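Structure first, commentary second.
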Amino acid sequence: MAGGNKKSKVKLPVSKTKQKKVVKKWKKDTDAAKGVKKRVSAVASSENSSPAQKTTPKPMVFVTPQTQGSSESENDSDSPEQPAVQNLPRLEPVPTNIPDPQLEPRKVKLLKPLIGYIYNGEQLSLKQSFEQAGILLEPDYDEKTHVFRFLVDTKEMCRAVGEKNEAHSIAREKLVQIVRYYCYIVKRVKEYHTRRKIFYTRPPKAAIQAQKDSKKIQEENIGFQMLQKQGWNPGTALGTSTEGILEPITAKKRKGKTGLGSENADVSDGTPTEKVKIPLEAFFLLLKQYAGVNALYDLVFSSQFTKPQVAKLINFAKSLKLQPQMIGNKKKKLVVSRPLTIKQIKEGVMKGHSDLCAKYVVIPPAAGIPAKDLAV
């Protein structure tokens, strides 16, 4: 202890030149991180310094769903010169066959929150579109002048002259053209889209398959080995033309003392022949689970359900604030959906939700896509 211990030099695991490179890289990374933090703090301080200023809502961002094989670098390298329309999912091209109605700017402003809804082919539901947008739509017909007008929030939007029915159809067509020119349109292309088709009965496939597997001849069987040596492949029929039997003939136990050929003389082997019926309470639980999750696909019930069962399912779905409806021509099916507004459907489709994109498309205004929606 008196002499003291000299510190021994520790052998470095790498050379000094490599160590210097690592230190330089570390300093460079830390300086870059500090610069980012300073910019973030400067932005936060500028926002906090003006509390009286109202914060404007962020514009909607169209999210392109990543497909398999697409890298992050491709998605991040969006340039402003590239048209954003090509990256929008399920967004139809801008219509070019709709003439400009040349409305006044104050009337165009009234239609700003409106989103049209096409539910059947090319049929535009004006009533549903205006009601969900919170805009008052009133038809008005003057018997003296034979003028039919559509009033939007008590302001005339379009008119037509003639008999009431004829003028109504002409004015309606003009209003549809106005909506198509200035507003987005949500179009339903499928009646329903589902990931789950629900049946009242199910065939006992698992039980039958398990019983068949138990009857199969094992590979250790001498007859199995002899057939294989003669060129037989497991799972194929016997004979040179493979038209023989697939399963070996099994002995069946007979009940009673009836003779050969009599009906119902064989004892059942326990194989279930009828389809298994599922209790109706299980479907109530399924509907409850569907209402509790954020699922946007539809539940489709098969036509196996009786009318009293369908009525009970409809009442239970309504109690869960779901939207049940009967769809089909001859054999109608019960389809249960989540109630969505036209605005929610439009936003979901433009954000690339797969379940909504399979059922709806969005048609942009003929006047062009607004600049706020093109922002990336």
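Numerical summary
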| quantity | calculated |
| --- | --- |
| Inter-residue pairs, beta-carbon under 8 Å, first over 22 Å from PRO113 (Cβ atoms) and in region 136-153, second assigned to a loop (DSSP other than H, G, I, E, B) and open to solvent by 50 Å² or more (accessible area, probe 1.4 Å), 6+ apart | HIS146/GLU163 |
| Residue check, LYS155 more than 25 Å from GLN102 (Cβ to Cβ) and surrounded by fewer than 16 Cβ atoms within 10 Å (Cβ to Cβ) | no |
| Scan of region 145-167 for residues that are of a type in the set (D, E, K, R) and in a loop (DSSP other than H, G, I, E, B), ordered by number | ASP153, GLU163 |
| Meets criteria (aliphatic (A, V, I, L, M) and open to solvent by 90 Å² or more (accessible area, probe 1.4 Å)) for VAL179 | no |
| Residues of region 203-232 classified as at pLDDT below 70 and either charged (D, E, K, R) or open to solvent by 100 Å² or more (accessible area, probe 1.4 Å) (or both), total | 5 |
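The values are calculated or read from the model by the stated rules, or taken from the named source; none is laboratory data. All values reported here derive from a predicted model rather than from experimental measurement. With ideal geometry, Cβ positions are generated from the backbone for all residues, glycine too; neighbour counts draw on all protein chains shown. What goes into the accessible areas is simple: the full protein's heavy atoms, side chains included, and nothing from ligands, DNA or RNA. Shrake-Rupley method; radii C 1.70, N 1.55, O 1.52, S 1.80 Å.
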